[in-house]
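No value in this document is a laboratory result; all are computed from the given coordinates. Predicted model only: the values in this text are computed from it and were never measured. Methodologically, a virtual Cβ is constructed for each residue, glycine included, from the backbone with ideal geometry; neighbour enumeration extends over all protein chains shown.
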Amino acid sequence: MKVIKTDGSPAAIGPYSQGFVSGNFVFTSGQIPLDPKTGEVLGSDVGGQAEQVIANLKAVLEAAGSSLDKVVKTTCFLADMNDFAAFNEVYAKHFPGKPARSAIAVRQLPRSVLVEIEAVAEL
């Protein structure tokens, strides 16, 4: 097993890692739309925030030796299910292989962001 750490994604803001390789899979922690350099929230709407979340997710996957193309499952957390359609527009651009997915509305996300995504991918 191997812990994943990259400067291309925000540092963990708690007692967890950005990702973890186990066997032939990488498991990412949930990514939120933070700028990896400044720690500031990027994007004022769910679409802009989803773009940054996916960029952060991509960096963790690549640091592990994987990619967005190898994602087999995502879990997506939305602060407001009314943003579902706008979120799907961004998501579909980056995950054309249509991995298995759960999308859940939650009461609140860290830093009051609008979206968080975690993933499982093959190496």
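Summarising the label geometry, the points placed 7 Å from Cα in the beta-carbon direction at R111 and A12 lie 1.7 nm from one another. Other residues with beta-carbon under 9 Å from the beta-carbon of L42 carry, at +1 per Lys or Arg and -1 per Asp or Glu, a net charge of -3.
Amide H contacts of A105: L78, each under 5 Å away and 5 or more positions distant or on a separate chain (H built 1.01 Å from N in the peptide plane; Pro and chain starts excluded). Charged neighbours of G23, selected by a Cβ distance under 12 Å, balance to 0 (K, R count +1; D, E count -1).
Cut-off 16 Å, label point 7 angstrom out along Cα-to-Cβ of K73: give me the residues of region 1-43 whose amide nitrogen falls inside. Once the point is set 7 Å along Cα→Cβ of K73, 20-30 turn out to lie under 16 Å by backbone N, inside region 1-43. Counting only the Cα atoms, region 2-122 fills a convex hull of 91 Å³ per residue. From its DSSP helices (H runs of at least four residues, each -39,500 (n - 2.57)), the chain gives a residue-normalised ellipticity at 222 nm of -8000 deg cm²/dmol.
If you average the alpha carbon positions of region 5-42 and of region 48-86, how far apart do those two centres end up, in angstrom? Each part's Cα centre sits 11 Å from the other's. Here the chain is assigned +1 on the Cβ of each Lys and Arg and -1 on the Cβ of each Asp and Glu. Its dipole about the Cα centre then comes out at about 360 debye.
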